[in-house]
Amino acid sequence: MDSFINPYYIDIIVFLFIYIILGLGLNLITGYAGQVSLGHAAFYGIGAYTSAILTVKFGVNTWLAIFLAIVITFILSAILGLPSLRVSEDFLAITTLGLGLIIQSIFKNAEITGGAYGLDMIPAPSLFGLEIIDLSYLGLVLVMLLLAIFIMKRMTQSRIGRAWMTIHEDETVAQSMGINTTYYKVLAFAIGGAFAGAAGALFAHKVSYISADSFGFTLSATILSMVVLGGLGKIRGTILGVSLLYLLPELFRVFDIQLFDMKYLDLYKMMLYGMIMVLVMRYRPKGIFGNTSLKKRKKNRSSAKKKELRDGEIIA
Amino acid sequence: MRSLLKIEGITKIFGGLTAVNDVSLTANQGEIIGLIGPNGAGKTTFFNILTGIYKPNAGRILFEDQLISGMKPFQIANQGFSRTFQNIRLLKEKSVLENVQVGMFRKTKAGLWASILALSSVKKEEQETIRKSLEILSLVGLDGMDEEISGSLSYGNQRRVEIARALVSEPKLLLLDEPTAGMNAEEVEEMSALIRKINANGTTVILIEHNVAMVVDLCDRLAVLDHGVKIADANPDEVIANPAVIEAYIGKDQVEEVSSFVEN
C-alpha cells in the first residue's frame with residue numbers, strides 16, 4: 001500500500017500537521033489570550049526531548065512517553081510562564097525570546113540531551129506489534145491534529161475563552177469582571193505549551209534524530225508569522241497560515257520548475273515568506289481570516305445562539 | 001438601615017500628591033449615593049481604590065463587615081462589586097451580547113475539562129448566560145441590539161452596554177463612573193430613569209457625576225470631594241446649600257460676588 005504513494009509526500013503532510021498543532025498552541029497564547037510569545041520553539045523542543053530521552057535513555061513505552069511529554073511541557077510552561085507573564089507586550093516578547101534562547105542552549109549543552117550531537121535512535125511508536133511509520137504515522141498525526149482542533153474549539157467558545165478574549169482586549173476590565181487574570185494567562189501559556197509539547201513529541205518519533213538546532217529562534221519566529229498571517233484568534237487562520245507558508249516552498253521542490261536552483265531553496269523560501277508577509281500586512285493587517293466580515297460573522301453566530309436558546313427552552 | 005460598604009479613612013498618595021486624603025464614607029443597603037466634586041478632586045481614584053486597582057496608603061474598606069482593602073481587583077469583584085468606566089471600556093470589536101456575557105463570568109463556574117467535554121451542565125450554564133444577558137439588555141433598553149458590534153453603537157448605547165455588563169452578575173454594589181458624560185438632556189433623563197429602575201431592584205448604587213442637577217434629583221445622599229478631601233456628606237439639598245461646596249465649585253471670590261448679588 002505504502003509503495004503507491006511517494007513517502008516524501010507523506011512526510012510533507014506529516015510535518016505540516018505537526019506544524020499546525022504547534023501553531024494552534026501559539027495561537028491560543030498570542031491570538032486568544034493576547035500574550036506574545038517569541039519562545040514557542042523551546043516548548044516544542046521540551047516535548048521532543050522529553051519523549052526522546054524517556055524512550056532512548058529510560059526505555060519507556062513510546063505512547064506513555066508521548067503522553068508524559070505533553071504533561072511535562074504543560075507543567076514546565078506553567079512554571080516558566082508564571083514569572084514571564086508578570087510583564088506584558090514588548091517586555092513579554094523580549095522575556096519569552098530570552099527564555100527560548102536559554103532553553104535551546106540547555107538542549108545544546110546538557111549531558112542528558114546528548115549535547116551538540118543530539119539524540120538519535122528514537123523509536124517509532126508501535127501498535128499490536130506493528131511499527132507506526134509513514135502512512136500510519138500520518139494517521140496518528142491526523143488524529144492528534146483533529147483532537148487539538150476539537151479541544152481548541154471547545155475551550156475558546158466557553159466562558160474560559162471569553163475570559164481570554166477579555167484579558168486580550170483589556171486586563172483592567174477583565175479584573176473588574178472577577179477574572180483572575182494571572183491564572184488564566186498562565187493557563188493559556190501552559191495549554192499552548194502542551195500543544196507544542198505534543199507537536200514536539202510527534203516530531204521526535206517521526207524523524208528519530210533530534211538536535212538543538214531544530215528548536216531555535218527561527219522556528220519561533222516562523223511559527224509566529226504563520227499564525228499572524230492566517231489571523232490571530234482564528235483556528236482556520238492558523239490552519240491556512242501554516243499550510244500556505246509551509247507548502248508553498250515545497251511546491252517549488254515538487255514541481256521542480258527549472259526556474260530556480262534547488263541549492264538555494266531555503267533562500268527562496270525566506271524571500272517568499274517576506275513577500276507574503278508584506279502583502280498580507282498591507283492588504284489584510286489582521287491576517288487572512290482577521291475580523292473583516294464582522295457583520296456576517298455576528299449575524300450567523302448570534303442567531304445560531306438564539307435558536308439554540310429557543311430550542312433549549314422548548315425542551316425545558 | 002444596614003450598612004453595606006464602610007470606608008474608613010482611606011488615603012492615597014501618588015509621589016508628592018495626596019489624591020485622596022483620609023476619606024470615610026458609608027453606603028447603606030439600597031441607597032443611591034452621588035460622588036461629586038470639581039475635576040481632579042480624586043473621585044475616580046476613589047473608585048479605583050474601592051475596586052482594588054490602587055492600594056490605599058492608609059485606611060480600610062469593609063464590605064458586609066468583611067475587610068476587602070488589600071484584596072486583588074478580581075477578588076473584590078467576586079464579592080459582588082460591579083463597575084463601569086469613565087472612558088467606556090467595551091470589547092469594541094465584539095457583539096453587544098458577547099460583551100454582556102463576559103459580565104456573567106463570576107456567576108458561572110464551568111472548568112476546563114467540563115468545557116472541553118461540553119458536559120450538559122456546561123451547556124445549561126451557557127444557555128442561562130445568554131438568557132440572562134438578553135434579559136438585562138432589554139432592561140437597559142437595548143432590546144434586539146444584541147447582534148450589533150458594540151464599537152459601532154452610539155455613545156449613549158455604549159454606556160448602556162457597559163451598565164448591562166456590570167448588572168448581569170446581579171451585583172450588590174454598582175459603581176458608575178460618570179454615566180451621563182457626553183449625553184444630551186434627553187439621554188441624561190433616560191439614564192436617571194434607568195438608575196432608578198436598577199436601584200428599585202435592590203442594587204446599591206454609587207455614582208460619580210458632574211451633572212449636579214441630575215444627582216440632586218436622583219440621589220439619596222451626596223458626598224463632595226475637593227482636592228482629595230471629603231468636604232460634605234449629606235442629603236442633596238443640604239449639600240448644594242453648603243457654602244464650602246459652592247466655594248469648591250466656583251471659588252471664594254465668586255461666592256462673595258454671588259451672595260452680594262443675591263442679597264441685592
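No value in this document is a laboratory result; all are computed from the given coordinates. Quick caveat: nothing in here was measured; it's all calculated off a predicted structure. Don't worry about glycine lacking a Cβ; one is built from the backbone with ideal geometry, like all the others, and counts go over all protein chains shown.
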Separation of alpha-carbon centers, the stretch B:173-217 and the stretch A:76-105, rounded to whole Å: 45 Å
Kyte-Doolittle mean at least 0.0 and Cα axial length at least 18 Å: DSSP H helices in chain A: A:7-26, A:40-56, A:62-84, A:89-109, A:134-156, A:181-207, A:217-230, A:235-255, A:265-283
Nitroxide proxy distance, nm - points 7 Å out along Cα→Cβ at B:Leu62 and B:Ala185: 4.5 nm
Sequence of A:Asp213, A:Asp134, B:Asp143 once ranked by neighbouring C-beta atoms within 10 Å, starting from the fewest: B:Asp143, A:Asp213, A:Asp134
B:Ala244 versus A:Thr172: modelled label distance in nm, points set 7 Å from Cα along the beta carbon direction: 3.0 nm
Built amide H within the under 5 Å cut-off of B:Arg83, gap 5+: B:Leu175
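What list do you get for B:Trp113, A:Trp63, A:Trp164 if you sort them by fewest beta carbons within 10 Å?
Starting with the residue having the fewest Cβ neighbours, the order is B:Trp113, A:Trp63, A:Trp164.
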For B:Asn28, distant residues with modelled amide H under 5 Å away: B:Leu4
Fluctuation leader among B:Thr204, B:Thr18, B:Thr44 - chain B, Gaussian network, Cα springs under 10 angstrom: B:Thr18
Pairs from B:Lys72/B:Lys172; B:Lys6/B:Lys72; B:Lys109/B:Lys197 whose Cα-Cα separation, in the structure shown, is over 21 Å: B:Lys109/B:Lys197
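What shape does the stretch B:38-106 take by its C-alpha gyration tensor, where a ≥ b ≥ c are the square roots of the eigenvalues and a/c under 1.5 counts as rounded, a/b above b/c as prolate, and the rest as oblate?
Oblate, because a/c is 1.5 or more while a/b does not exceed b/c.
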Extension gain from A:Trp63 to A:Leu101, taking 0.36 nm per residue of separation minus the Cα-Cα distance: 10.8 nm
Overall form of the stretch A:2-285 per C-alpha gyration tensor (a/c, 1.5; a/b vs b/c): oblate
Rough spin-label spacing in nm, given labels placed 7 Å along Cα→Cβ, for B:Asn39 and B:Tyr155: 1.4 nm
Computed helical MRE - 222 nm, chain B, DSSP H runs ≥ 4 contributing -39500 (n - 2.57), nearest 500: -12000 deg cm²/dmol
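Hey, what did chain A get for relative contact order, percent, Cα under 8 Å, at least 6 apart?
Working: 452 pairs, mean separation 98.7, N = 316.
Normalised by residue count, the contact order of chain A is 31 percent.
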Global geometry of the stretch B:65-154, whether rounded, prolate or oblate, following the gyration tensor of its Cα atoms and the 1.5 cut on a/c: oblate
